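Following this message is one structure expressed as structure tokens.
The values are calculated or read from the model by the stated rules, or taken from the named source; none is laboratory data. These figures come from a predicted structure and were not determined experimentally. Note that we place each Cβ from the backbone using ideal geometry, even for glycine, and neighbour counts take in every protein chain shown. The protein model used for the area step is the full one, side chains on, heavy atoms only, and it has no ligands, DNA or RNA in it. Shrake-Rupley method; radii C 1.70, N 1.55, O 1.52, S 1.80 Å.
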Amino acid sequence: KKLVKWLSNTSRLILSDEQTKFVQSTNGFQYLGYSFMHVLQHGTTKIKIYPSKQSQKELISVVGDICRKFRSISTFNLIGLIKPKILIWANYFKCVGCKKLFHKIDYKIFQILSSWVFRRDRKNSRSVVKEKYFPSGKTYNFRGYEYKDNWILCAKYKLTGSRAIESWIPRVAWVFLIKYIK
């Protein structure tokens, strides 16, 4: 009651009884797609913040739904649909230290994309299909840094004349963590 009174006087914020609940921080809670939990490490209590499992599942299901819905779309157009979804999600969660989690999500997205690619082209061998969609030895420039990866989904769209636009899906782990000073 004191907290409700203080919030209404200082910031005119009104807490709803139905939507507000008090939980112990050691049990953890979820808010705006983040999971918060207090953890005891080396005798001190630290807060652990990471993307909630629900938000991770939503990203994976969005990518999977796009790949299932657009089975015959061109690779360039598929990249155009998936790339913004991945980057928006990664940019939203880049303020918490979750590099291992980002690698795990990269792996799940790769599994979805590779199954989409290998389902499309069953006439050629897997090595030919791999080189067509995931070219080896390429260097990708993402936000000022160069990355070499042999398993990045890449596509070209030919314009008039001899010009072509290349598009590819960056890894979620390539989005750097931003640390804010308290």
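Let me test this: with uniform point scatterers at the alpha carbons of the chain, what is the Debye-based log₁₀ I(q)/I(0) at q = 0.08, 0.14, 0.19 1/Å?
So the normalised log intensities work out to -0.39, -0.89, -1.34.
Tell me, what are the semi-axes, in whole angstrom and largest first, of the equivalent ellipsoid of the stretch 109-182 as set by the roots of 5 times the Cα gyration tensor eigenvalues?
28, 18, 11
Suppose all protein chains stay in the model; what accessible area per residue would a 1.4 Å probe give for the stretch 10-133, in Å²?
69
With point charges of +1 on the Cβ of Lys and Arg and -1 on the Cβ of Asp and Glu, referenced to the Cα centre of the chain, which listed residue (Y157, T10, G144) lies farthest in the positive direction of the dipole?
Y157
Quick one: grab the alpha carbon gyration tensor of the stretch 1-64, order the square roots of its eigenvalues as a ≥ b ≥ c, and give me rounded if a/c is under 1.5, else prolate or oblate depending on whether a/b is larger than b/c.
It is oblate, given that a/c is not under 1.5 and a/b is not larger than b/c.
Name the lysines eligible as straight-distance cross-link partners of K1: C-alpha to C-alpha under 26 Å, and not fewer than 8 places from it in the same chain.
Those lysines meeting the cut-off are K21.
If you don't mind, another one. Calculate the FRET efficiency for Q30 and K94 from the Cβ-Cβ distance with a Förster distance of 25 Å, rounded to the nearest 0.05.
After rounding to 0.05, the efficiency reads 0.85.
Further question: Please give, to one decimal in nm, the separation of the simple spin-label points placed at S11 and H103, each 7 Å out from Cα toward the Cβ.
3.7
While we're looking at this one, here's another question. Using R₀ = 30 Å, calculate the FRET efficiency as 1/(1 + (r/R₀)^6) where r is the Cβ-Cβ separation of Q54 and E131; round to 0.05.
About 0.20, to the nearest 0.05.
Can you compute the charge dipole magnitude of the stretch 65-104 about its Cα centre, using +1 on each Lys and Arg Cβ and -1 on each Asp and Glu Cβ, nothing else charged? Give it in debye, rounded to the nearest 20.
140
May I pose another question? How many percent of the accessible area of the chain is carbon or sulfur, using a 1.4 Å probe?
Looking at the chain in its full context, I get 56 percent from C and S.
Report, by chain and number, residues whose modeled amide H sits under 5 Å from the one on F142, excluding near sequence neighbours (fewer than 5 apart, same chain).
When sequence neighbours closer than 5 places are left aside, the close amide H contacts are Y147.
How big is the stretch 29-82 along each principal axis, measuring the range of its Cα positions in Å and listing the largest first?
56, 17, 14
Hey, another quick one. Take each complete run of DSSP H in the chain, measure how far its Cα atoms stretch along the helix's own axis, and keep only those covering 15 Å or more with mean Kyte-Doolittle hydropathy at least 0.0; list them.
75-92
Past 23 Å, Cα to Cα: identify those pairs from K46/K108; K99/K148; K138/K158; K53/K99, in the order given.
Checking Cα-Cα distances, K46/K108 exceed 23 Å.
Magnitude of the Cβ-charge dipole of the chain, K/R +1 and D/E -1, about the Cα centre, nearest 20 debye?
Charge dipole of the chain: 160 debye, to the nearest 20.
Also: Which residues among the stretch 39-79 fall inside the zone where the amide N is under 18 Å from a point 7 Å beyond the Cα of A164, along Cα→Cβ?
Within reach of a label on A164: 74-79.
Highest first, please rank the peptides 114-123, 4-13 by the mean number of other Cβ atoms sitting within 10 Å of their residues.
Most protected by this proxy first, the peptides run 114-123, 4-13.
Where the centroid of each part is defined by its Cα atoms, how far is the stretch 1-62 from the stretch 96-172 in Å?
First find each Cα centre; the distance between them is then 36 Å.
Something else: Starting from the Cα of N150, step 7 Å toward the Cβ, then list every residue of the stretch 98-133 with an amide N under 11 Å from that point.
131
Can you compute the modelled spin-label distance between R68 and F176, with each label point 7 Å from Cα toward Cβ, in nm?
With each label placed 7 Å out from Cα toward Cβ, I get 3.8 nm.
From the residues I60, N124, Y31, which one has its Cα farthest along the dipole of the chain in the positive direction, the dipole being from +1 and -1 charges on Cβ of Lys/Arg and Asp/Glu about the Cα centre?
My answer, from the dipole projection, is N124.
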